[in-house]
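What follows is a single structure, written as structure tokens, with notes after it.
The values are calculated or read from the model by the stated rules, or taken from the named source; none is laboratory data. Bear in mind that the values here come from a model prediction, so they are computed numbers and not experimental data. In this analysis, Cβ positions are derived from the backbone assuming ideal geometry, glycine residues included, and neighbour counts consider all displayed protein chains. When the accessible area is computed, the model is the full protein with side chains, heavy atoms only, and any ligands, DNA or RNA have been set aside. Shrake-Rupley method; radii C 1.70, N 1.55, O 1.52, S 1.80 Å.
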Amino acid sequence: MEPIANADAAIRIDSHLDGTHERSLAEDVLDGLTRPFKELPPKHFYDARGAELFDRICELPEYYPPRAERAILNESAAELAELTNAAELVELGSGTAAKTRVLLDALHEAGTLRRYVPVDVTESMVRSSAEALTEEYPGLQVHGVIGDFERHLGRVPPAVGPRIVAFLGGTIGNFPPGSRRRFLREIARLLSPEDHLLMGTDLVKDPQVLEAAYDDAQGVTAEFNRNVLQVLNRELEADFDPEDFDHVALFDREHEWIEMRLRARREHTTLVRALDLSVHFDAGEELRTEISAKFTPERLEGDLSAAGLELVRWLTDPDELFALTLSRSADVAAVASNGSG
Ligand code: AVJ
């Protein structure tokens, strides 16, 4: 056995991005900026600058989700390892895989861990975390899937054993209710009877706490929000002046979601050259840039069951700010309860 050759063989990375990402930006802009109520999907926030700003958001005192989620993970990782016996961790939107280590540690200690499958659009992050992780966990295989988890779930390789599909951070909240259920159904298709979904969701709470989390005192979230205009300027030769827009974050109590918007400070028209599109803004007109749904246990269970999933564990932090849920295919649950009753 040659450990050096081994370390290389332990990493495989498949890329499924072939310009489709850029195409989806153009389509989303053409679609979203010509609607009566202007809108852009939040996935375009995350260019290099956007990713850096999001990392800074995660350090903000107001933005509690990462800390709450990590506290739950620290508290429950061993239990999760025991409940799942997972040989494999598939992580959707893995990023720098910072939180992943807590889970990998627990699976490694339980002696079941064989493979990590990060799914992310940013190849450089997948590559560097693959290198670090294969060194930290001898024998670990990493099979990276470079792609958009909304379009490339089908490219996740067949499981090597019981699997956890992790979708952390509360990103499921970015989907509006209908597509959320559709996406959960697609995830459910990755789950065989012995597999589990581990999902992070932010919880409904005092609107002031929620709004502060999306409108921090230092203005980092405002800068993150406006950065999407820079993405359009660079990628689509648009001529937005980010200073023409105010950052708005508000909790919609009826829908139980946070909305982020950019509100035009003055009437103006912007040209998006690559699309030959001119976009008019009235003074005060708003462009919706993100929804971030907040959950109650009832809402989450409704979504899971609509996707053919059933809750196995509901885990929360001491302040009940955030939840991690473990679920599995509902068919399995039916079979299991028939069997025992
Ligand atoms: C990465 C989607 C979970 O909705 O809380 C943070 C993104 N936006 N601050 C969230 C975000 C503004 C974040 N997610």
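For Asn233, are the conditions met, namely being among the polar types (S, T, N, Q) and within 14 Å of the ligand (Cβ to nearest atom)? No, not satisfied. Filtered by the rule that a residue be open to solvent by less than 20 Å² (accessible area, probe 1.4 Å) and in a helix (DSSP H, G or I), the range 43-71 gives His44, Phe45, Gly50, Leu53, Ile57, Pro65, Ala68, Glu69.
What about Glu22, is it of a type outside the set (A, V, I, L, M, F, W, C), more than 16 Å from the ligand (Cβ to nearest atom) and modelled with pLDDT under 95? Yes: the conditions hold for Glu22. Identification of strands (runs of 3 or more DSSP E) wholly contained in the range 219-327 with 2 or more residues that are of a type in the set (Gly, Ala, Ser), at pLDDT 95 or above and open to solvent by less than 70 Å² (accessible area, probe 1.4 Å) yields 286-293.
For the range 107-146, enumerate the residues that are part of a helix (DSSP H, G or I) and open to solvent by 30 Å² or more (accessible area, probe 1.4 Å). His108, Glu109, Ala110, Glu123, Ser124, Met125, Arg127, Ser128, Glu131, Ala132, Glu135, Glu136 - these are the residues of the range 107-146 that are part of a helix (DSSP H, G or I) and open to solvent by 30 Å² or more (accessible area, probe 1.4 Å). Can you name every residue in the range 165-180 that is surrounded by 17 or more Cβ atoms within 10 Å (Cβ to Cβ) and not in a strand (DSSP E or B)? If the condition is that a residue be surrounded by 17 or more Cβ atoms within 10 Å (Cβ to Cβ) and not in a strand (DSSP E or B), then Leu168, Gly169, Gly170, Thr171, Ile172, Gly173, Asn174, Phe175, Arg180 are the ones that fit.
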